[in-house]
Amino acid sequence: MNAVPAISLRGLTKSFGSVSAVDHLDLDIASGEFFSMLGPSGSGKTTVLRMIAGFELPSSGTVSLNGRDVTELAPFDRDVNTVFQDYALFGHMSVFENVEYGLKVRKLAKDVRKAKVMEALDTVRLADFADRRPAQLSGGQRQRIALARAVVVEPKVLLLDEPLGALDLKLREQMQIELKQLQRDLAITFVFVTHDQEEALTLSDRIAVFNNGKIEQLGTPQELYEKPKSEFVAGFVGTSNIFSEKDAQSLFGKKGKFALRPEKVEVSERKKTGSIQGVVAEVIYLGSFTRLIVDVSGIQIKATVPADIFHRNQTVQINMSSTDLVAL
Ligand code: ATP
(Lines give C-alpha, C1' and ligand atoms only; values in the text may rest on other atoms or scores of the structure.)
Protein backbone atom coordinates (compact mmCIF):
# COMPACT_ATOMS: atom_id res chain seq x y z
CA MET A 1 0.00 0.00 0.00
CA ASN A 2 0.97 3.58 -0.70
CA ALA A 3 2.44 5.30 2.37
CA VAL A 4 0.56 8.55 1.68
CA PRO A 5 -3.08 8.03 2.72
CA ALA A 6 -5.63 8.26 -0.07
CA ILE A 7 -7.80 10.28 2.30
CA SER A 8 -6.71 12.17 5.36
CA LEU A 9 -9.14 14.01 7.62
CA ARG A 10 -7.90 16.28 10.41
CA GLY A 11 -10.09 17.89 13.03
CA LEU A 12 -12.98 17.64 10.60
CA THR A 13 -16.05 19.31 12.06
CA LYS A 14 -19.47 20.21 10.70
CA SER A 15 -22.25 21.96 12.57
CA PHE A 16 -25.70 22.75 11.23
CA GLY A 17 -26.91 25.51 13.55
CA SER A 18 -26.86 23.94 16.99
CA VAL A 19 -26.55 20.37 15.60
CA SER A 20 -23.02 19.03 15.70
CA ALA A 21 -23.12 16.53 12.81
CA VAL A 22 -19.39 15.71 12.72
CA ASP A 23 -17.18 16.38 15.69
CA HIS A 24 -13.37 16.82 15.33
CA LEU A 25 -12.74 13.75 13.23
CA ASP A 26 -9.21 12.47 12.56
CA LEU A 27 -9.00 9.64 10.06
CA ASP A 28 -6.58 8.18 7.49
CA ILE A 29 -7.80 5.85 4.77
CA ALA A 30 -5.11 3.95 2.89
CA SER A 31 -4.87 3.76 -0.86
CA GLY A 32 -6.72 0.70 -2.20
CA GLU A 33 -8.62 0.14 1.01
CA PHE A 34 -12.29 -0.90 1.18
CA PHE A 35 -13.30 1.34 4.07
CA SER A 36 -16.78 1.44 5.58
CA MET A 37 -18.46 4.01 7.75
CA LEU A 38 -21.07 2.23 9.82
CA GLY A 39 -23.51 3.77 12.25
CA PRO A 40 -27.13 4.51 13.07
CA SER A 41 -29.16 7.10 11.24
CA GLY A 42 -28.01 10.63 12.04
CA SER A 43 -24.55 9.63 13.29
CA GLY A 44 -22.78 11.79 10.69
CA LYS A 45 -21.62 9.26 8.06
CA THR A 46 -23.16 10.98 5.05
CA THR A 47 -21.93 14.39 6.17
CA VAL A 48 -18.35 13.04 6.30
CA LEU A 49 -18.76 11.58 2.82
CA ARG A 50 -20.14 14.85 1.47
CA MET A 51 -17.19 16.78 2.91
CA ILE A 52 -14.75 14.34 1.26
CA ALA A 53 -16.62 14.79 -2.03
CA GLY A 54 -16.72 18.57 -1.66
CA PHE A 55 -20.52 18.95 -1.58
CA GLU A 56 -20.30 20.28 1.95
CA LEU A 57 -17.77 22.74 3.37
CA PRO A 58 -16.44 21.82 6.84
CA SER A 59 -17.05 24.24 9.73
CA SER A 60 -13.41 23.57 10.60
CA GLY A 61 -10.68 21.03 9.88
CA THR A 62 -9.15 19.75 6.64
CA VAL A 63 -9.64 17.12 3.94
CA SER A 64 -6.56 15.89 2.05
CA LEU A 65 -6.52 13.52 -0.89
CA ASN A 66 -3.20 11.80 -1.64
CA GLY A 67 -1.41 14.32 0.54
CA ARG A 68 -2.98 17.39 -1.09
CA ASP A 69 -5.23 19.68 0.91
CA VAL A 70 -8.50 19.92 -1.06
CA THR A 71 -10.67 21.44 1.67
CA GLU A 72 -11.47 24.52 -0.41
CA LEU A 73 -11.71 22.80 -3.82
CA ALA A 74 -14.96 22.28 -5.72
CA PRO A 75 -16.20 18.67 -6.14
CA PHE A 76 -15.22 18.71 -9.78
CA ASP A 77 -11.58 19.50 -8.99
CA ARG A 78 -11.20 16.52 -6.68
CA ASP A 79 -10.12 13.07 -7.82
CA VAL A 80 -13.18 11.40 -6.28
CA ASN A 81 -16.53 10.25 -7.57
CA THR A 82 -19.75 9.41 -5.74
CA VAL A 83 -22.40 6.73 -6.18
CA PHE A 84 -25.64 7.82 -4.53
CA GLN A 85 -28.31 5.62 -3.02
CA ASP A 86 -30.86 6.67 -5.65
CA TYR A 87 -28.19 6.30 -8.41
CA ALA A 88 -29.12 9.74 -9.84
CA LEU A 89 -29.12 8.41 -13.43
CA PHE A 90 -30.31 10.71 -16.23
CA GLY A 91 -33.68 9.34 -17.29
CA HIS A 92 -33.71 10.99 -20.72
CA MET A 93 -30.33 9.55 -21.70
CA SER A 94 -29.46 6.03 -22.79
CA VAL A 95 -27.25 3.81 -20.68
CA PHE A 96 -24.35 4.62 -23.01
CA GLU A 97 -24.93 8.38 -22.68
CA ASN A 98 -25.23 8.14 -18.91
CA VAL A 99 -21.84 6.46 -18.65
CA GLU A 100 -20.34 8.75 -21.30
CA TYR A 101 -21.43 11.95 -19.54
CA GLY A 102 -18.40 12.40 -17.25
CA LEU A 103 -16.03 11.82 -20.17
CA LYS A 104 -17.83 14.42 -22.29
CA VAL A 105 -17.57 16.96 -19.49
CA ARG A 106 -13.85 16.21 -19.42
CA LYS A 107 -13.78 16.87 -23.20
CA LEU A 108 -12.34 13.51 -24.24
CA ALA A 109 -12.38 12.65 -27.96
CA LYS A 110 -15.36 10.68 -29.25
CA ASP A 111 -13.54 7.43 -30.08
CA VAL A 112 -11.73 7.47 -26.72
CA ARG A 113 -15.07 8.01 -24.99
CA LYS A 114 -16.66 5.11 -26.82
CA ALA A 115 -13.85 2.70 -25.92
CA LYS A 116 -13.92 3.72 -22.26
CA VAL A 117 -17.72 3.52 -21.98
CA MET A 118 -17.81 0.04 -23.51
CA GLU A 119 -15.01 -1.10 -21.22
CA ALA A 120 -16.87 0.21 -18.16
CA LEU A 121 -20.11 -1.45 -19.31
CA ASP A 122 -18.18 -4.70 -19.83
CA THR A 123 -16.85 -4.48 -16.28
CA VAL A 124 -20.41 -4.42 -14.93
CA ARG A 125 -21.57 -6.98 -17.54
CA LEU A 126 -24.08 -4.65 -19.21
CA ALA A 127 -22.47 -4.04 -22.62
CA ASP A 128 -25.62 -5.40 -24.31
CA PHE A 129 -27.79 -2.77 -22.62
CA ALA A 130 -26.00 0.33 -23.96
CA ASP A 131 -29.02 1.58 -25.94
CA ARG A 132 -31.63 1.19 -23.23
CA ARG A 133 -32.99 3.92 -21.01
CA PRO A 134 -32.57 3.59 -17.21
CA ALA A 135 -36.35 3.07 -16.87
CA GLN A 136 -36.03 -0.14 -18.92
CA LEU A 137 -33.63 -1.71 -16.42
CA SER A 138 -34.04 -3.64 -13.18
CA GLY A 139 -32.90 -2.15 -9.88
CA GLY A 140 -29.70 -4.20 -9.87
CA GLN A 141 -28.91 -3.19 -13.46
CA ARG A 142 -29.46 0.48 -12.64
CA GLN A 143 -27.12 0.07 -9.71
CA ARG A 144 -24.45 -1.36 -12.04
CA ILE A 145 -24.88 1.53 -14.48
CA ALA A 146 -24.39 3.97 -11.63
CA LEU A 147 -21.16 2.13 -10.79
CA ALA A 148 -20.01 2.10 -14.42
CA ARG A 149 -20.69 5.84 -14.66
CA ALA A 150 -18.63 6.45 -11.52
CA VAL A 151 -15.62 4.30 -12.43
CA VAL A 152 -15.38 5.29 -16.11
CA VAL A 153 -13.60 8.53 -15.19
CA GLU A 154 -11.03 6.47 -13.25
CA PRO A 155 -11.25 8.26 -9.91
CA LYS A 156 -8.66 7.41 -7.25
CA VAL A 157 -11.42 7.31 -4.67
CA LEU A 158 -15.00 6.11 -5.01
CA LEU A 159 -17.51 7.24 -2.40
CA LEU A 160 -20.60 5.08 -2.05
CA ASP A 161 -23.54 6.30 0.01
CA GLU A 162 -25.76 3.32 0.90
CA PRO A 163 -25.53 2.18 -2.74
CA LEU A 164 -27.37 -1.09 -2.11
CA GLY A 165 -30.08 0.39 0.10
CA ALA A 166 -32.81 0.22 -2.54
CA LEU A 167 -32.25 -3.43 -3.47
CA ASP A 168 -33.99 -6.51 -2.10
CA LEU A 169 -31.97 -8.91 0.05
CA LYS A 170 -31.03 -11.41 -2.65
CA LEU A 171 -29.90 -8.78 -5.13
CA ARG A 172 -28.15 -6.95 -2.35
CA GLU A 173 -26.07 -10.00 -1.49
CA GLN A 174 -25.20 -10.54 -5.15
CA MET A 175 -24.20 -6.89 -5.59
CA GLN A 176 -22.06 -7.06 -2.45
CA ILE A 177 -19.94 -9.75 -4.08
CA GLU A 178 -19.76 -7.80 -7.33
CA LEU A 179 -18.76 -4.61 -5.53
CA LYS A 180 -15.96 -6.37 -3.74
CA GLN A 181 -14.69 -7.90 -7.00
CA LEU A 182 -14.92 -4.56 -8.78
CA GLN A 183 -12.94 -2.87 -6.03
CA ARG A 184 -10.25 -5.54 -6.20
CA ASP A 185 -10.03 -5.42 -9.99
CA LEU A 186 -9.87 -1.64 -10.20
CA ALA A 187 -7.66 -1.31 -7.09
CA ILE A 188 -9.24 2.01 -6.13
CA THR A 189 -10.10 3.23 -2.65
CA PHE A 190 -13.75 2.64 -1.73
CA VAL A 191 -15.43 4.57 1.06
CA PHE A 192 -18.72 2.92 1.75
CA VAL A 193 -21.51 4.30 3.95
CA THR A 194 -23.98 1.84 5.44
CA HIS A 195 -26.10 1.26 8.51
CA ASP A 196 -26.09 -2.49 7.80
CA GLN A 197 -23.51 -4.13 10.04
CA GLU A 198 -23.52 -7.42 8.18
CA GLU A 199 -22.79 -5.65 4.91
CA ALA A 200 -19.93 -3.71 6.50
CA LEU A 201 -18.44 -6.86 8.04
CA THR A 202 -18.64 -8.75 4.73
CA LEU A 203 -17.09 -6.11 2.51
CA SER A 204 -14.60 -4.05 4.43
CA ASP A 205 -10.90 -4.07 5.12
CA ARG A 206 -11.59 -1.65 7.97
CA ILE A 207 -14.70 -0.14 9.50
CA ALA A 208 -15.29 3.05 11.46
CA VAL A 209 -18.29 2.77 13.77
CA PHE A 210 -19.95 6.19 14.08
CA ASN A 211 -21.98 7.48 16.97
CA ASN A 212 -23.03 11.12 17.47
CA GLY A 213 -20.61 12.56 14.93
CA LYS A 214 -17.60 10.74 16.33
CA ILE A 215 -15.83 7.48 15.61
CA GLU A 216 -16.65 5.16 18.47
CA GLN A 217 -14.23 2.48 17.25
CA LEU A 218 -12.02 1.89 14.24
CA GLY A 219 -10.75 -1.52 13.22
CA THR A 220 -10.93 -4.60 11.02
CA PRO A 221 -14.24 -6.47 10.98
CA GLN A 222 -12.64 -9.11 13.20
CA GLU A 223 -11.37 -6.59 15.74
CA LEU A 224 -14.76 -4.92 15.99
CA TYR A 225 -16.58 -8.20 16.34
CA GLU A 226 -14.21 -9.85 18.77
CA LYS A 227 -12.98 -6.87 20.75
CA PRO A 228 -15.70 -4.23 20.87
CA LYS A 229 -14.55 -1.40 23.13
CA SER A 230 -17.95 -0.17 24.20
CA GLU A 231 -21.48 -1.31 24.77
CA PHE A 232 -22.52 0.68 21.72
CA VAL A 233 -20.13 -1.17 19.38
CA ALA A 234 -20.88 -4.56 20.95
CA GLY A 235 -24.57 -3.94 20.41
CA PHE A 236 -24.28 -2.44 16.94
CA VAL A 237 -21.86 -4.92 15.36
CA GLY A 238 -23.44 -8.37 15.62
CA THR A 239 -25.48 -9.54 18.60
CA SER A 240 -24.06 -9.52 22.10
CA ASN A 241 -24.98 -10.30 25.65
CA ILE A 242 -24.21 -7.22 27.71
CA PHE A 243 -23.72 -8.02 31.38
CA SER A 244 -24.14 -5.15 33.81
CA GLU A 245 -21.82 -4.92 36.82
CA LYS A 246 -24.48 -6.57 38.95
CA ASP A 247 -25.04 -9.46 36.49
CA ALA A 248 -21.29 -9.98 35.96
CA GLN A 249 -20.79 -10.16 39.70
CA SER A 250 -23.51 -12.74 40.21
CA LEU A 251 -22.69 -14.88 37.13
CA PHE A 252 -18.90 -14.77 37.12
CA GLY A 253 -17.86 -13.14 40.36
CA LYS A 254 -16.13 -10.49 38.25
CA LYS A 255 -16.03 -6.72 38.64
CA GLY A 256 -16.98 -4.58 35.65
CA LYS A 257 -19.24 -4.58 32.64
CA PHE A 258 -18.80 -7.26 29.97
CA ALA A 259 -19.98 -8.39 26.53
CA LEU A 260 -20.29 -12.02 25.46
CA ARG A 261 -21.21 -13.26 21.97
CA PRO A 262 -24.17 -15.71 21.89
CA GLU A 263 -22.07 -18.33 20.07
CA LYS A 264 -19.76 -18.46 23.10
CA VAL A 265 -22.63 -19.62 25.30
CA GLU A 266 -22.84 -23.40 25.38
CA VAL A 267 -26.26 -24.91 26.05
CA SER A 268 -26.80 -28.56 26.96
CA GLU A 269 -29.36 -30.81 28.59
CA ARG A 270 -26.97 -32.39 31.06
CA LYS A 271 -25.00 -30.84 33.90
CA LYS A 272 -21.27 -30.31 33.31
CA THR A 273 -18.51 -28.83 35.44
CA GLY A 274 -19.24 -25.17 35.98
CA SER A 275 -22.64 -25.23 34.34
CA ILE A 276 -25.50 -23.11 35.61
CA GLN A 277 -29.15 -23.92 35.28
CA GLY A 278 -31.62 -21.86 33.31
CA VAL A 279 -34.95 -22.07 31.56
CA VAL A 280 -35.46 -21.50 27.84
CA ALA A 281 -37.61 -18.37 27.67
CA GLU A 282 -37.64 -17.95 23.90
CA VAL A 283 -36.70 -19.95 20.80
CA ILE A 284 -36.09 -17.86 17.68
CA TYR A 285 -35.65 -19.80 14.46
CA LEU A 286 -33.18 -18.03 12.16
CA GLY A 287 -32.72 -20.54 9.34
CA SER A 288 -29.18 -21.83 9.58
CA PHE A 289 -29.21 -21.53 13.38
CA THR A 290 -31.53 -20.87 16.28
CA ARG A 291 -31.26 -18.18 18.93
CA LEU A 292 -32.27 -19.08 22.46
CA ILE A 293 -33.03 -16.68 25.26
CA VAL A 294 -32.26 -18.50 28.47
CA ASP A 295 -33.43 -17.13 31.79
CA VAL A 296 -30.92 -17.61 34.59
CA SER A 297 -32.35 -16.29 37.87
CA GLY A 298 -33.88 -13.30 36.07
CA ILE A 299 -30.86 -12.63 33.81
CA GLN A 300 -31.67 -13.16 30.13
CA ILE A 301 -28.83 -14.79 28.21
CA LYS A 302 -28.74 -15.10 24.42
CA ALA A 303 -27.24 -18.27 22.96
CA THR A 304 -26.74 -19.56 19.41
CA VAL A 305 -27.55 -23.24 18.90
CA PRO A 306 -28.26 -25.54 15.94
CA ALA A 307 -31.92 -25.67 14.91
CA ASP A 308 -34.52 -27.97 16.51
CA ILE A 309 -32.85 -29.09 19.72
CA PHE A 310 -34.42 -27.06 22.51
CA HIS A 311 -37.95 -25.93 23.22
CA ARG A 312 -39.58 -23.21 25.26
CA ASN A 313 -39.79 -23.72 29.05
CA GLN A 314 -37.17 -26.47 28.90
CA THR A 315 -34.70 -26.57 31.79
CA VAL A 316 -31.15 -26.40 30.40
CA GLN A 317 -27.56 -26.12 31.57
CA ILE A 318 -25.40 -23.36 30.25
CA ASN A 319 -21.64 -22.97 30.25
CA MET A 320 -19.86 -19.68 29.78
CA SER A 321 -16.12 -19.26 30.04
CA SER A 322 -14.94 -16.05 31.64
CA THR A 323 -12.05 -16.01 29.13
CA ASP A 324 -14.64 -15.25 26.41
CA LEU A 325 -15.87 -12.16 28.23
CA VAL A 326 -14.92 -8.85 26.63
CA ALA A 327 -14.49 -6.04 29.16
CA LEU A 328 -16.33 -2.85 28.16
P1 ATP B 1 -28.37 8.35 7.66
O2 ATP B 1 -27.88 6.95 7.82
O3 ATP B 1 -29.78 8.52 8.11
O4 ATP B 1 -28.10 8.94 6.31
P5 ATP B 1 -26.04 9.71 8.72
O6 ATP B 1 -25.26 8.98 9.74
O7 ATP B 1 -25.52 9.72 7.34
O8 ATP B 1 -27.55 9.23 8.74
P9 ATP B 1 -25.98 12.56 8.51
O10 ATP B 1 -26.86 12.61 7.32
O11 ATP B 1 -24.53 12.82 8.29
O12 ATP B 1 -26.17 11.20 9.27
O13 ATP B 1 -26.54 13.61 9.57
C14 ATP B 1 -25.88 13.92 10.79
C15 ATP B 1 -26.68 14.97 11.56
O16 ATP B 1 -26.65 16.21 10.87
C17 ATP B 1 -28.14 14.63 11.72
O18 ATP B 1 -28.56 15.05 13.01
C19 ATP B 1 -28.82 15.45 10.64
O20 ATP B 1 -30.15 15.75 10.99
C21 ATP B 1 -27.94 16.65 10.57
N22 ATP B 1 -27.93 17.24 9.20
C23 ATP B 1 -27.43 16.67 8.09
N24 ATP B 1 -27.54 17.48 7.01
C25 ATP B 1 -28.13 18.62 7.46
C26 ATP B 1 -28.51 19.86 6.84
N27 ATP B 1 -28.31 20.10 5.55
N28 ATP B 1 -29.11 20.77 7.63
C29 ATP B 1 -29.32 20.56 8.94
N30 ATP B 1 -28.97 19.43 9.59
C31 ATP B 1 -28.38 18.47 8.86
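The values are calculated or read from the model by the stated rules, or taken from the named source; none is laboratory data. The model shown is predicted, which means the values in this text are computed figures rather than measured ones. For neighbour counting, all protein chains shown are included, and Cβ atoms are generated from backbone atoms with ideal geometry for every residue, glycine included. Heavy atoms of the whole protein, side chains included, go into the accessibility calculation; ligands, DNA and RNA do not. Shrake-Rupley method; radii C 1.70, N 1.55, O 1.52, S 1.80 Å.
Tabulated data
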quantity: Calculated on alpha-carbon atoms, Rg and Dmax of the stretch 216-300 in Å; calculated: 14.2, 41
quantity: Kirkwood Rh in Å, taken over the chain so that all alpha-carbon pairs contribute; calculated: 22.3
quantity: Total formal charge among the other residues, if their Cβ is under 12 angstrom from that of residue 115, Lys/Arg +1 and Asp/Glu -1; calculated: 0
quantity: Ranked order, 273, 13 - accessible area, probe 1.4 Å, largest first; calculated: 273, 13
quantity: The stretch 106-207: radius of gyration and largest Cα-Cα distance (Dmax), Å; calculated: 14.1, 43
quantity: Under 14 Å, Cβ to Cβ, from residue 33 - net charge with Lys/Arg +1 and Asp/Glu -1; calculated: +2
quantity: Top positive-direction residue, dipole computed over the stretch 199-279 with Cβ charges, set 250, 268, 210; calculated: 250
